[in-house]
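I have placed the structure first, in the form of structure tokens, so that the comments after it can refer back to it.
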Amino acid sequence: MSLIILIHKIHTNSSDSGYYLDVFERTKGALIIKKSRFLFFLCLIAMPGWTQNSSQVSMASIHWIGLDGAYNMRDIGGYGTTDGKRVSYGVLYRSDRFQMATERDCRILRELGIRSLIDLRSPEEVYVAPDAECLRSFLRFSHYPIYITGSTYQEAYYNIVTTYSSSLVNALKTIADPENLPLVYHCTQGKDRTGVLTALILELLGAGRETILFDYLSSNQAGYYVDESWLRMVFDRIDEEGGIEAFLLHRDIGADIQSAIRANLLQIPSSALDWELYVED
């Protein structure tokens with residue numbers, strides 16, 4: 001059995017910046033939880049024989065943000081891509097709503113350096129459950145509403161990428177501007193609208209489909225049910241339109257915006273000074 005220990009430096013705007021450990025065990029089904037002051041790390045080994053540049057989901061890491069008033073917030077960084085790069089940590093976060101966010105929660109988001117917030121909820125949802133006022137003192141808010149419509153979730157997801165694609169476009173253009181980063185985006189439970197947007201981002205960055213599904217299905221761990229078949233409808237739509245680049249181009253996300261998103265969110269692990277990899281047999 002081998003242990004792989006990944007040391008990652010978390011940067012915040014406070015003196016609490018420091019190193020945190022992710023421990024991976026090359027044993028099928030191993031689940032290891034590491035808790036720090038700000039983040040909860042869940043590290044799952046799906047298959048044995050992990051290698052750093054593997055495009056398979058032999059290793060996947062979810063970085064939960066431990067908040068009092070939101071339960072599905074996580075950093076989407078850390079996932080490997082099929083071309084050997086890695087999604088950067090500390091740039092993009094997904095979440096459920098912040099209606100119940102506490103002063104402590106707001107302090108954590110501030111210390112993570114988050115500048116901007118995208119709300120994907122309908123105006124009615126925002127009116128009934130507005131995000132906590134303490135967030136407005138340091139976050140720039142953008143509202144790109146998407147309604148959940150349809151008799152099935154598959155139909156609802158189809159409508160997200162067709163009827164309401166303009167909101168996805170606006171969100172992606174906002175993410176493409178480095179002045180808006182780090183950024184957090186959310187809907188109500190952080191699983192459907194947020195899940196689709198995350199899937200499009202990870203697909204554009206070059207993450208494998210199993211990796212994207214792993215991230216998507218992790219909402220179940222927060223108590224918000226999602227099913228693999230719902231997101232596979234989006235994959236089918238992407239494939240029908242000729243792949244993610246064509247899919248986005250059809251929605252007014254040109255090559256320049258796509259390249260900007262990749263530049264903002266991708267890194268080459270071997271050149272990142274904040275990463276060290278130790279393998280112990």
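A few remarks follow.
- Applying the condition of being in contact with a Phe, Trp or Tyr (Cβ under 8 Å, 6 or more places away or on another chain) and not hydrophobic (A, V, I, L, M, F, W, C) to segment 230-246 and asking which residue is nearest to L168 (Cα to Cα) yields R237.
- Residue in segment 247-260 that is hydroxyl-bearing (S, T, Y), out of contact with any Phe, Trp or Tyr (no Cβ under 9 Å at 6 or more places or on another chain), in a helix (DSSP H, G or I) and under 24 Å from V91 (Cβ atoms) present: yes
- Residue match in segment 141-149 (condition: modelled with pLDDT of 95 or more, within 23 Å of the chain's Cα centre (by Cα), of a type in the set (V, I, T) and part of a helix (DSSP H, G or I)): no
- Residue in segment 145-163 that is in contact (Cβ under 8 Å) with a residue 24 or more places away in the chain, buried (at least 17 other Cβ atoms within 10 Å of the Cβ), of a type in the set (A, V, I, L, M) and under 16 Å from S95 (Cβ atoms) present: yes
- Taking segment 205-217 as the range and being surrounded by 21 or more Cβ atoms within 10 Å (Cβ to Cβ) and part of a helix (DSSP H, G or I) as the test, the residues that pass are L205, T211, I212, D215, Y216.
- Within segment 173-191, at least one residue is of a type in the set (K, R), closer than 26 Å to I65 by Cβ and part of a loop (DSSP other than H, G, I, E, B).
- Every listed requirement among (1) under 18 Å from the mean Cα position of the chain (by Cα); (2) modelled with pLDDT under 95 is met by P178 save one, (2).
- Answer residue from segment 87-130, given it is acidic (D, E) and either in contact with a strand residue (DSSP E or B) (Cβ under 7 Å, 6 or more places away or on another chain) or farther than 15 Å from H186 by Cβ (or both) and is surrounded by the most Cβ atoms within 10 Å (Cβ to Cβ) among those: D119
The values are calculated or read from the model by the stated rules, or taken from the named source; none is laboratory data. Please read all numbers here as calculations on a predicted model, not as lab measurements. A quick note on method: Cβ atoms are made from the backbone with ideal geometry, for glycine too, and the neighbour counts reach across all protein chains shown.
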